[in-house]
Amino acid sequence: RAKTHRRGGYEYFTRSMGVEIRERVLLMHALRAAFEHERLFLVYQPQVDMRTGKILGAEALLRWKTDEGKFIPPDQFIPIAEYSGLIVDIGEWVLRSACHELVTLRELGYIDFQMAINVSQAQFSHPLFMQTLHRALEETQAPPEFVELEITESMAMKDPELLIKTLHQIKQLGVSISIDDFGTGFSSLSHLQKLDIDKLKIDRAFVNDIQQDGNEGSIAKMIVQLGQNLGLSIIAEGVENQMQADTLMSYGCHLAQGYFYARPIAKAELHEWLKNRSATS
Ligand code: C2E
Ligand code: MG
Ligand code: MG
Ligand code: MG
């Protein structure tokens with residue numbers, strides 16, 4: 001009885017709000033339920049060395065399939081997870097699951113495999129984040145040297161002191177750091193130099209700018225040069241064709257992730273994909 005009462009109040013409350021806010025609240029409740037009912041899962045997008053085709057590892061990407069079989073894209077639900085605080089629990093689950101999959105892959109014989117995991121601002125700045133990371137590594141027995149955390153440039157701007165401290169602690173664990181969507185967040189270059197990071201991920205918008213005849217790839221080129229000057233490794237995301245791959249390689253960027261090589265795929269498909277790849281190479 002208490003439940004129906006609460007629900008009535010909730011509906012009244014949401015009806016009095018704007019449609020957009022109401023929709024977000026509904027989505028937030030649906031997301032919480034989905035998480036509790038294990039309707040969230042990870043897919044993995046392989047990362048390769050474009051020169052040799054060698055597999056570096058994969059990025060873990062979160063998926064939400066509703067009970068009706070509809071997929072809600074992460075660009076839509078991650079922001080909701082962030083402002084509702086749900087991202088802390090979801091993010092911890094992502095960390096564990098991806099670390100667990102890394103261990104499974106190692107048991108299958110893929111011992112050089114790197115697992116890249118997205119971490120959002122709210123997770124990262126949470127006081128228990130280091131403890132969570134530590135525990136995820138310990139409980140899954142994932143080797144930290146094969147775990148990479150992807151943070152965004154805008155996070156690098158918010159609280160520089162905390163960021164520098166946290167990055168330092170992460171590096172001490174042996175985990176590496178990459179800056180995701182690089183080039184979209186306007187972080188200051190002098191600031192970037194102070195951060196203990198390993199890799200820049202060229203945002204897919206700049207890869208997309210690389211089109212037939214034209215110099216539109218100049219931002220990607222600049223990022224590659226910047227990365228080289230700072231001694232960082234560079235990976236391009238969103239590589240969709242050979243021409244983009246060739247252009248990036250001519251700039252000196254050899255690592256890539258994109259539909260041209262592989263789409264994000266479920267665990268079982270990843271195992272299949274890896275098996276076929278190692279059989280042919
Ligand atoms: P991201 O971390 O920059 O991930 C790369 C996105 O580019 C993925 O979108 C991937 O599917 C897409 N992509 C990769 N290659 C191509 C390509 O060749 N062409 C095109 N058009 N797209 C490509 P996705 O999976 O929809 O994820 C969107 C964003 O959601 C991610 O961007 C990330 O910011 C966030 N996200 C996903 N999973 C997680 C997670 O576990 N935790 C957090 N905090 N954020 C996540
Ligand atoms: Mg990412
Ligand atoms: Mg990205
Ligand atoms: Mg992105």
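The values are calculated or read from the model by the stated rules, or taken from the named source; none is laboratory data. In this text, all values refer to a predicted model and were calculated from it rather than measured experimentally. Heads up, the Cβs are rebuilt from the backbone with ideal geometry, glycines too, and the neighbour counts pull from every protein chain shown. Areas reflect the complete protein model, heavy atoms only, side chains present, ligands, DNA and RNA absent. Shrake-Rupley method; radii C 1.70, N 1.55, O 1.52, S 1.80 Å.
Quick notes on this one:
- Pairs beyond 24 Å (Cα-Cα), from K54/K267; K194/K221; K70/K275; K165/K221; K199/K275; K201/K275: K70/K275; K165/K221; K199/K275; K201/K275
- Seen through its C-alpha gyration tensor, with square-root eigenvalues sorted a ≥ b ≥ c, the stretch 168-281 comes out oblate because a/c lies at 1.5 or above while a/b is not bigger than b/c.
- Peptides 35-41, 131-137, ordered by how many other C-beta atoms sit within 10 Å of their residues on average, highest first, read 131-137, 35-41.
- Three-way shape label, the stretch 65-223, alpha-carbon gyration tensor, a/c 1.5: rounded
- If both residues of a DSSP beta bridge must be in the chain, then about 40% of such bridges are antiparallel.
- Computed about its Cα centre, the charge dipole of the stretch 177-281 is approximately 320 debye, with only Lys, Arg, Asp and Glu carrying charge at their Cβ.
- Gap separating the Cα centres of the stretch 103-176 and the stretch 227-260, nearest whole Å: 23
- Averaging 1/r over every pair of different alpha carbons in the stretch 56-115 and inverting the result gives a Kirkwood radius of 13.1 Å.
- Each Lys and Arg adds +1 at its Cβ and each Asp and Glu adds -1 at its Cβ; summed about the Cα centre, the chain shows a dipole of about 820 debye.
- The largest accessible area among S250, S178, S84 belongs to the first residue in S250, S84, S178, and the rest follow in falling order (1.4 Å probe, all chains).
- Computed about its Cα centre, the charge dipole of the stretch 11-162 is approximately 360 debye, with only Lys, Arg, Asp and Glu carrying charge at their Cβ.
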